[in-house]
Amino acid sequence: MQNTAAIRPCQYKTGKTLGSGTYAVVREATHIETEQKYACKIINKQFIEGREYLVRNEIAVLQRISSRHPNIVTLHDYFETHRNLYLCFDLCTGGELFHRICSKGNYYEADAAALVRTILAAVKYIHDCGIVHRDLKPENLLFQTEADDANIMIADFGLSRIMDEERMTLLTGVCGTAGYMAPEVFRDAGHGKPVDVWAMGVITYFLLAGYTPFDRDTPEAETAAIVAGDVKFEPAEFWANVSPTAREFVQACLTVDPAARPTAAEALQHRWLTAATPHFVPDPFNPSGGPTNLLPHVKRAFNAKSAWKRAQFGIRALKRMEALAHSMNREIGHLPKDVIRLKEESAQEVMEDTPITHQHNVQSH
């Protein structure tokens, strides 16, 4: 990140705060000339001092795939001020995947299969471009707009990496979101594109049941279950309305050995996703024999798990944060102790009043 361009006025004005991550704040930003709105990831330069490669890597990943697939967020612009780095992405206003599902009146196995098919096709595209995402989870799957036919988008490529196919090198380090991480990540024996297929298995399980397959009482028990591939389709009442074919797909994606796990392309050919007639369990209360509505069970499981997690939050959150801090230290080094203050300072900068020191036009507006 070099200040090689003349200082100039910023082309954006600051909007509302959209969210906050480990080292970045996301705010809405409006392009002053076009009035187009974007999601702007704001990173305090002090966070990445000596680790500029992290942002360079994210930019390199996004430049390789941006604007080339309808289900992947686009990086439109990035620039820097004296204090911050700014990355401007598509603004996805349709909400997170699971919240969108819960807002519907009906939700069938065919709906879950259609979502998985769309997301997995985007994952295949990412892999074909030589990239592994490494943090696929429902929170990073956003709908572009509130329209019923809105595209679902894969977002947050902060942990993604470009794989060196010629050297056949594997990535190392523990990173990602614990419940969605593959066994080989925990073993720290090297990992690659198969971790994304594992995550798709966890996401599919979640879409069908409303909870994740490795949710345990402690982080240690969760890790042990993941490493062992201890997948159970329980309790039975939550899975009675899901077809054996769907469970077979989940089990295939959650193959412990990454070499035996299907690739994204192979998973797309599974009969659960390719059948002309959708797989489903007939609704016993529907005389026509139509599919069972999964939404009541899915919402009930999701709400029950959420309430339980809130009750256990104090102990589990502390342990989880300690584990995450350890993982992040291995991946990106120690973050500054005053991380909250630095993030607040970043978010308080008013874009339209702050000159930029370097502008990179990824796309013309």
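So which aspartates and glutamates can residue 37 reach, going by Cα to Cα under 19 Å and dropping same-chain residues fewer than 8 places off? Output for residue 37: 28, 77, 80, 90, 96, 146, 156, 349, 352, 353.
Helix 295-311 and the long axis of the chain differ in direction by around 60°, with both axes built from C-alpha atoms.
If r is the Cβ-Cβ distance from residue 114 to residue 304 and R0 is 22 Å, what FRET efficiency results, to the nearest 0.05?
Numbers: r = 26 Å, r/R0 = 1.18.
Efficiency computed from Cβ-Cβ geometry: 0.25.
In the chain, the longest principal axis of the Cα atoms and the axis of helix 244-253 are about 40 degrees apart.
For residue 277 and residue 128, what is the calculated FRET efficiency with R₀ set at 41 Å and r taken between the beta-carbons, to the nearest 0.05? It comes to 0.90.
Express the relative contact order of the chain as a whole percentage, based on alpha carbon pairs under 8 Å and six or more residues apart in sequence.
Working: 628 pairs, mean separation 86.7, N = 365.
That works out to 24 percent.
The protection proxy used here, the mean number of other Cβ atoms lying within 10 Å of each residue, ranks peptides 218-230, 277-289 as follows, highest first: 218-230, 277-289. Extension gain for the segment residue 268 to residue 67, taken as residue separation times 0.36 nm less the Cα-Cα distance, is 70.1 nm to one decimal.
Per-residue extension of 0.36 nm, minus the Cα-Cα distance of residue 234 and residue 22, leaves a gain of 73.0 nm for this segment.
Residue 35 to residue 99: FRET efficiency via 1/(1 + (r/R0)^6), r the Cβ-Cβ distance, R0 25 Å, to the nearest 0.05? It would help to have the intermediate numbers written out before the result.
Working: r = 27 Å, r/R0 = 1.10.
The value I calculate is 0.35.
Sorted from longest to shortest, the spans of the Cα atoms of the chain along the three principal axes equal 69, 47, 42 Å. Taking Cα atoms only, the orientation of helix 109-128 departs from the longest principal axis of the chain by about 40 degrees. Packing order of peptides 176-184, 53-61, highest average first: 176-184, 53-61 (average count of other Cβ atoms within 10 Å over each peptide's residues). Each 10 Å bin from zero up to the one holding the largest Cα-Cα distance in the stretch 224-287 carries the following percent of pairs: 19, 41, 31, 8, 1. Remark: relative contact order (the stretch 16-91) = 28 percent; criterion is Cα-Cα distance under 8 angstrom and separation of 6 or more residues. Normalising by residue count, the stretch 16-91 has a Cα convex hull of 100 Å³ per residue.
Bear in mind that the values in this text are calculations on the coordinates, not laboratory data. Given the structure is predicted, the values throughout are model-derived calculations rather than measurements. Heads up, the Cβs are rebuilt from the backbone with ideal geometry, glycines too, and the neighbour counts pull from every protein chain shown.
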